[in-house]
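Here is the structure we will look at.
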Amino acid sequence: MSPAPRRTARWLVPLMLVLASACVLVIWVALAVYLQRQAGWMALLVALDVVLVVRLGGMAAGMRRAVLAALVTAAVSVLALWTIAATQMGFPFGLAPWDSVLRLGAHHAWTLISLTTTPLDGVALLVAPLLAAWWTR
């Protein structure tokens, strides 16, 4: 008698992704504010986190899982860069991070991010979604 196949809830992976991504995002922003740098290498840790979450969540291997991992990694990276720029601009004005995130415009955010991102950060930010997709296949 073989064991019954294990069923996972469909809502589990998205919930796990949101919670894990939020935790990594907070760590990335806090580290970047502390170091006074973008800390683009954190994108690689985001990719690793996403890979672990989709695998532990029981999502079936394949192209769908790889695309999801790449998209979540890219979204968390963009959100982290936006939040870092907004936080660094908002502190001198006495704004909380969540207030400054909502007030920062796209053009100003792009200018701040492009001025503070090093080539090594750029490489890490470009490679992280590709690694996430490759590691989850």
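The numbers here are math on the coordinates, done by the rules we state, and not lab data. Predicted model, so just to flag it, every value in this text is computed and none were measured. Every residue, glycine as well, gets a Cβ built from its backbone with ideal geometry; the counts of neighbours run over all protein chains shown.
Worth pointing out:
- Full extension of the chain segment joining residue 99 with residue 15 gains 27.7 nm, where the gain is 0.36 nm per residue of separation less the Cα-Cα distance.
- For peptides 114-126, 82-94, sequence by mean Cβ density within 10 Å, most packed first: 82-94, 114-126
- Relative contact order for segment 12-136, counting Cα pairs under 8 Å that sit 6 or more residues apart, in percent: 39
- Selection among 122, 45, 88 by position relative to the dipole of segment 12-136 gives 45 as farthest towards the positive end (Cβ unit charges, Cα centre).
- Extension gain, residue 75 to residue 45: 0.36 nm times the residue separation minus the Cα-Cα distance gives 9.4 nm.
- Dipole in debye (nearest 20) - the chain, about Cα centre, beta carbon charges: Lys, Arg +1; Asp, Glu -1: 620
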